[in-house]
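To start, the structure under review is shown below, and the notes come after it.
Derivation of every value follows stated rules applied to the coordinates shown; laboratory data play no part. Please read all numbers here as calculations on a predicted model, not as lab measurements. Heads up, the Cβs are rebuilt from the backbone with ideal geometry, glycines too, and the neighbour counts pull from every protein chain shown.
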Amino acid sequence: MMNKPAILFVLLAAVLWGTTGTAQAFLSNDAHPIVVGAIRLAIGGSLLLLLVTRTNKPIQLSTWPKIPLIVSVVAMAVYQPFFFTAVSVTGVTAGTVIAIGSAPIMAGLLEWFINRKMPQLKWWLATALAIMGCFLLTTGATDTISFDPIGILFALGAGLSFATYTLFSKSLLDIREPDVVVAIVFSFSALLLVPIFFFYDVSWLFQWQSMVVALHLGAIATAIAYLLFAKGLSKIPGSLGVTLALAEPLTASLLGVLIVGERLPIASWFGVLLLLGGLIVASMMPKKKTLYQ
């Protein structure tokens, strides 16, 4: 069987990512989604970098492979504006489903292109079940869906950037510890997004409730979540990691029911079952050496 602790780490990371939607509901109305994404990276990257420096772990950037590092940094940086722009244009439902739902397929194709090996049928089955579950899960919000072509392109860009980050950062995880990799990648990604703060209002951040939410998004939903994701990803294939990350919309929807008071129609509950089925199939994947055909 696949490395169970690694699978658990990735699933826990996805659960923490799934809290972002509920948390953002408590932000000020003046909080622009793109700024929220940049702040997440800034707080998360800073905390991870502080952790690494306090533990005196060697970084030695001069010995890192340049292409995987640069691609990982850029992919994580562009994911934020791509995803939040897609959500603002097409709505939460369409933006999230297209972005997160497209990521596993893109990861599988990228992994096939890079490794010249196609994932096994079981991986495709798990991914198909999870993606169908995502679509059914969100059918209750049809009034907020807007299939704007530009928004869809941004959503697909977000899915591609997340898949790219996953696969290229994995090559870094083969030579460096997970916390060091995530700290460096996120710190550089945050620096790339610094110009955003000069174009948008950030005064809302100084309200106490917004500060608490920002800390949650940066410390828990970003720093801890991506650290768990990196720890798990170091032991499993990238395409499988992205598929398991589909636990994020499942968590977000269930939190919406339990905390926000939203109601899911019957079709959405079938989506929950399909998504759970896909995650169970994915967690039963064979060992890493036999993942590919």
Next on the checklist: Please compute the modelled spin-label separation between residue 51 and residue 197, points set 7 Å along Cα→Cβ, answer in nm with one decimal.
Outcome noted: 2.2
Item to check | Principal axis dimensions, largest first and in whole angstrom, of the stretch 165-206 by Cα | outcome: 41, 18, 13
Item to check | Segment residue 207-residue 259, length gained on full extension (0.36 nm per residue, minus Cα span) | outcome: 16.5 nm
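Order the peptides 50-59, 191-200 from the highest to the lowest mean number of other Cβ atoms within 10 Å of their residues.
Values: 50-59: 11.9, 191-200: 13.4.
Highest-to-lowest ranking by the protection proxy: 191-200, 50-59.
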Next on the checklist: Going by average Cβ density within 10 Å per residue, which order do the peptides 174-181, 31-38, 101-108 take, highest to lowest?
Outcome noted: 101-108, 31-38, 174-181
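What order do you get for 229-236, 204-211, 162-169 when each peptide is scored by the mean count of other beta carbon atoms within 10 Å, highest first?
Averaged packing, sorted descending, gives the order 162-169, 229-236, 204-211.
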Item to check | Surrounding net charge for residue 65, when Lys and Arg each add one and Asp and Glu each subtract one, Cβ distance under 11 Å | outcome: +1
Checklist entry - What does the charge add up to near residue 162, with Lys and Arg as +1, Asp and Glu as -1, over the other residues with Cβ less than 15 Å from its Cβ? => result 0
